[in-house]
Each structure stands twice: as structure tokens, then as C-alpha cells.
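Chemist: One structure, pasted below without further comment.
FYI, it's all coordinate maths here, none of it is from the lab. The structure presented is a predicted model; accordingly, all values stated were derived computationally and were not measured. Glycine also receives a Cβ, built like all others from the backbone with ideal geometry; neighbour counts cover every protein chain displayed.
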Amino acid sequence: MVAWFNNGGPFMWPILIVGIFGVIIAIERFISLIKTKTATTLFLKNIGSTLKDEGVEAAKEVCRTTPGSISQIYLAGLSRVDKGSEAVEKAVESAGSIEMSFLEKNMVWLSTVSTLAPMLGFTGTVAGMVSAFDAIAAANDISPAVVAGGISQALLTTLFGLVVAMIIQTSQNFFMWIIDGVIVKMEETSIELVDTLESMSS
């Protein structure tokens, strides 16, 4: 692997840097989203019974002490209980929009890496082919030995760029699957919150 990297030429370094950056972002997103998903599951087990059995203030305290997007949406809604169900719905919608942006934080960087890595690889391919033709012109010969170095460089940069892009793109798709699930849960629980508050007030 090290030999392939060295034979790939100077464009291997930017591909490596972009790849490392993408992996760091992917790890951060994985940890953050898994924590959010876990916190959401635990929160939903407690908030319903707390709201019905202990009231709004106790439910608000549970929201304050629980990290995650769902708890913040519930807190926004519960904070507007005294202003009516319409105010609760608007607060929930506003909080939901804000929390969605937090869930999608740094995803644009994964898209950038998955686009940039193969582009760098293809640029290295072009550079390798230019090197191969320069070698042909200098040697006035088209034997395989003359062009092998340039062609090898061209293929290796493309290979590494595509591998980085596939890893990061797969990670991004996995994260979007998690985010979509959390968003659906946010929408479902927001409706449940409004229904619960209306039933309590009636």
C-alpha cells in the first residue's frame, strides 16, 4: 500500500489529506447522531408518563436535563402551553426547523470530500498521462518501459480518489438514513405532544 501511495505521485497527498478530513467528520457525525438516536429513545420512554402523571413543569425539567433534538422540541412546545395549542404548534415547528439544521451539521463537508477526492484523482490521472507522453517524446520511443511510470501514476491516483469517495459517500448515506429516521420521529412526537396537551386541557 505504501509503495502504491509513493508511486501515485504528488496528487496522492491532497487525496490523503481530503480523505483524513472526511473520516474525521464522519466519526464526529457518527458519534453525534448515535447519541441523538439513543437519547431520543430514552426520552420518549419517560416524557409521556411524566407529562401525564406529574404535569407540565416536571416534563419541562425532564426536557432541560435530556440532550437531543426531541427534548428541545418538547421544551419549546411545553413553554407555550399557557398560550394555547396554536402557539404550541408554532413553537414546535420553529424548534423542529432549528433542530433539523443541527442534525445536518457538517454533512456538506462530507459531500465536498466525496466530490473532491475523485476530481483530485482524475487530475492526477491527467498529470500521469502527460508525464507518460513527455517520456515518450524524450525517449523517442513508445515501448512499455518508457510509459509504465506515467500510466501507473495515472491509474493509482484515480483508484485512491474513487476509494476515498466511496467510503465517504457510503458514510454520508448512512448518516442521512439516521437523520431521516430522527426527523420522522420528531414529526410524530410533535403531533403526539399537541394531542396530549389538548387532552389535558379539555
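Chemist: Quick one: what does P(r) look like for region 2-201 with 5 Å bins over all Cα pairs, in whole %?
Modeler: 1, 8, 13, 13, 11, 8, 7, 7, 6, 6, 5, 4, 4, 3, 2, 1, 1, 0, 0
Chemist: Okay, moving on. With a cap of 14 neighbouring Cβ atoms within 10 Å, and only residues DSSP puts in a loop, list the trypsin sites (Lys or Arg not before Pro) found in region 8-110.
Modeler: Those satisfying the criteria are LYS105.
Chemist: List the lysines whose alpha-carbon lies under 25 Å from that of LYS35, not counting same-chain residues fewer than 8 positions away?
Modeler: Straight-distance partners of LYS35: LYS45, LYS60, LYS105, LYS185.
Chemist: Could I have the simple spin-label model distance between LEU159 and LYS45, label points 7 Å from Cα toward Cβ, reported in nm to one decimal?
Modeler: 4.8 nm
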